[in-house]
Every structure is written in C-alpha cells, then in structure tokens.
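Accompanying notes for the structure given below.
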Amino acid sequence: MKFGFSEFTTWPWSFEEDVREYKAAGAEWIEVCEFKLAQHEYARGLQLAADSGLRVASVQASIHSIFPDSMEGMTKEPRDRIAAIKDAIRLSAPSLPKGTPFIVITGIAPEANMRKAVDVTIEALKDLGDFAGQYGMKIAFEPLNPINLHLDTAVWGLDRGLALVERVKNPNVGICIDTWNIWETPNLYDVIAACGKHILVIQASDWKMPRSPADRFSLGDGDLPLADIFRAIRKTGFDGPWVVEILSSLHLEGSLWKGDMKAMLRANRDAFMNLWAESS
C-alpha cells in the first residue's frame, strides 16, 4: 500500500505545512502542486519532502492543461501551455524519483469543438511524452467528471480517457484514475480492468451531488462504492501510489478547507485503511 495526499486537499496551507502534517497523519506519499513552489524553490521544497520521508506520487504543474482551464486561463495558446508543462518537468526532474507522473488534462474545448480539443491533446501528449521520457518522467492523462465540461475538460469518463491514451501510443503516457471523476463511466469495472498497465496514479475522494465543480467529500462520507472501485483497481496489479485529493471551494458551507484539516487528514487516512482492508 502506497498512501498519500494531494496538496489540493489542503489548498490553504503552505508546502511546508503540507509536508509536516501529511507525515504526521501517516502518509508516505505526496502529490506536489507547483503553485505552492516557486520555480527556484523546486530543489529546496522537494528535498524538504524527501528529508521528511515523503515520496512524490505525482506533480500538478501550475499549467497542466493543453487549453485554458479554470485554474489558469490567462495563457491562451496550446503551444505556450505545452512549453510551460515542459518547463515544470525540466526544472523539477532533477529532484524527483524516476518515473514520476505529471498530470495533464485537456482544458476547455475551443468554441466547444470537442473533436479539435481531443485531436490537439493527442498530439500534445505525444510531444510531452517524448519530452518527459528524456528526463525519466511520465505523463498521466486525467479524464474529468462531466460537471467539468466547458470549465476544465473536453474528455469525460474513464472509457474516453483510455481511448485517448491508446491513440497516443507513447510508452511515457498513461492514465490517472480519480474516483470522483470517473465513477459514472459505463461498465466502470471492465474499463478499469482494460486500463491495466496504463495506470500511473490513483486519486481518491468521495461524491455527493456537488454544489460546485470543486465540492468533494472525505472517503466514506459520500455515495461512491469506493471499496468496489478500489478492488477493481487492485485487480489490475497496479502497485503505484494512491493519494487523497479533495477540492472544497472556500465559498461553500462546510468547506473542508475552512475546517480542521488536520482532523480531515487523519479521518481520510483511517477511512483509506478500512477501504484497503475491505477491498483485499
């Protein structure tokens, strides 16, 4: 079992707080969010994580979509966004374990042209896969939930995400499975099985009918059949890291980002352990 947290889960904290509190909560892995590290601080920050005993599960670059998305919409051209992702890989790779995946999504389809967004993303992933491979890194494509259409993605459902990755045909490009994003995929467990060797990282959170595109819940506090999803993933032979990734908009009543985040980390660690036992 390789358990950790994404830094999106504790968005209001600093990188230093994340490292300290994730370790205290029993994590051994961390999904790094670049926005918490200035470019010149990569080596220092990642060394801080290593010194604490945390391993890097994956990286979310500040620009991690091929087209503009809700997190970074100022950089308009795909070529400039791809260059920014390459910069993140180049600057951080010397401080990362070999094979660390960088998460990439499509972003918003230009003029709602889903086909164009997919076609451009495929070519971008081929390019990024080659570039990442030069630095010993990987690219993990993440399909999102339909609620994120026209906000962050042109690809929804794990089946569509897998089809895209298979069209890329690059050994350095795989897939990120996020339970909140993919749970509505038709024939989900068959699709998970088909993902097999393509899986690079797992992100976990729970679902209730959302009040915003960033309204996730702690493991066990929502409606997802998480033990069944975990079991299907484990049956593929995946032995990489699992990170809890909870987005919780600050304007929402009961936002987890405004509550006791230390307690939230401990609760999710305990819930993950229970799910791991149940899914064995």
Original post:
Restricting attention to the alpha-carbon atoms of the chain, what are Rg (one decimal) and Dmax (integer), both in Å?
Top reply: 17.2, 46
**OP:** Calculate the all-directions average of the projected area of the range 143-198's alpha-carbon convex hull, and give it in nm².
**Re:** 3.7
**OP:** Could you calculate the FRET efficiency of LYS235 with ALA163 from 1/(1 + (r/R0)^6), where r is the beta carbon distance between them and R0 is 30 Å, rounded to 0.05?
**Re:** 0.90
Original post:
Charges only on Cβ, +1 for Lys and Arg, -1 for Asp and Glu: so what's the dipole of the chain about the Cα centre, in debye to the nearest 20?
Top reply: 580
**OP:** With a 1.4 Å probe and every protein chain left in place, tell me how much accessible area HIS150 has, in Å² to the nearest 10.
**Re:** 110
**OP:** Search the structure for amide H atoms under 5 Å from the amide H of GLY222, placed 1.01 Å from N in the peptide plane, and list their residues when 5 or more places away or on another chain.
**Re:** TRP207
**OP:** For LYS36, LYS208, LYS76, write out the residues from largest to smallest accessible area, computed with a 1.4 angstrom probe and no ligands counted.
**Re:** LYS76, LYS208, LYS36
**OP:** Work out the length of the dipole vector of the range 203-244 about its Cα centre, built from +1 on the beta-carbon of each Lys and Arg and -1 on the beta-carbon of each Asp and Glu, and round it to the nearest 20 debye.
**Re:** 80
Subject >> Cross-link reach list, lysines versus LYS208, counting only Cα pairs under 21 Å and skipping chain neighbours closer than eight places >> reply: LYS258
Original post:
Given +1 on the Cβ of Lys and Arg, -1 on the Cβ of Asp and Glu, and no further charges, what dipole in debye does the range 51-180 carry about its Cα centre, rounded to the nearest 20?
Top reply: 320
Original post:
Picking from LEU125, SER14, ILE202, whose Cα lies most toward the positive end of the charge dipole for the chain (charges on Cβ: Lys, Arg +1; Asp, Glu -1)?
Top reply: LEU125
Subject >> Heavy-atom accessible area ranking, 1.4 Å probe, most first, across ASP69, ASP260 >> reply: ASP260, ASP69
**OP:** Name the residue farthest towards the positive end of the dipole of the chain from the options GLY174, PHE272, ASN145, assuming +1 on Cβ of Lys and Arg, -1 on Cβ of Asp and Glu, about the Cα centre.
**Re:** GLY174
Subject >> Alpha carbon Rg of the range 1-153, scaled by the compact-globule rule 2.2 N^0.38 Å >> reply: 1.04
Original post:
Which lysines does LYS2 reach when only Cα atoms under 25 Å apart count, and residues fewer than 8 places away in its own chain are ignored?
Top reply: LYS23, LYS36, LYS98, LYS138, LYS197, LYS235, LYS262
**OP:** Quote the convex hull volume per residue of the range 32-117, based on C-alpha atoms, as a whole number of Å³.
**Re:** 96
Original post:
Picking from PRO146, PRO101, PRO210, which is most flexible by a Gaussian network model of the chain using Cα springs under 10 Å?
Top reply: PRO210
Original post:
From the phi of every residue in the range 48-64, what ³J(HN,Hα) in whole Hz does the Karplus formula 6.51 cos²θ - 1.76 cosθ + 1.60 yield, where θ is phi - 60° and glycine or proline is x?
Top reply: 4, 4, 4, 5, 7, x, 8, 9, 7, 7, 5, 10, 10, 5, 4, 10, 9
**OP:** Give the value in nm², to one decimal: projected area of the alpha carbon convex hull of the range 193-269, averaged over all directions.
**Re:** 5.6
Subject >> Note, ³J(HN,Hα) from phi for the range 113-129, Karplus 6.51, -1.76, 1.60, rounded to Hz, x at Gly and Pro >> reply: 8, 4, 4, 4, 4, 5, 4, 5, 5, 4, 5, 5, 5, 4, 5, 5, x
Original post:
Which whole-number value in Å³ per residue fits the convex hull of the alpha carbons of the range 63-170?
Top reply: 91
Subject >> Long-range HN-HN contacts of ARG55 with modeled amide H, under 5 Å >> reply: TRP29, ILE30
Original post:
With all protein chains present, how much of the accessible area of the chain (probe radius 1.4 Å) comes from carbon and sulfur, to the nearest whole percent?
Top reply: 51
Subject >> Set of lysines with alpha-carbon distance to LYS116 below 19 Å, sequence-local pairs under 8 removed >> reply: LYS76, LYS126, LYS169
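The values are calculated or read from the model by the stated rules, or taken from the named source; none is laboratory data. The model shown is predicted, which means the values in this text are computed figures rather than measured ones. Here the Cβ is made from the backbone with ideal geometry for all residues, glycine too, and neighbour counts use every protein chain on show. These area figures cover heavy atoms from the full protein model, side chains too; ligands, DNA and RNA do not enter into them. Shrake-Rupley method; radii C 1.70, N 1.55, O 1.52, S 1.80 Å.
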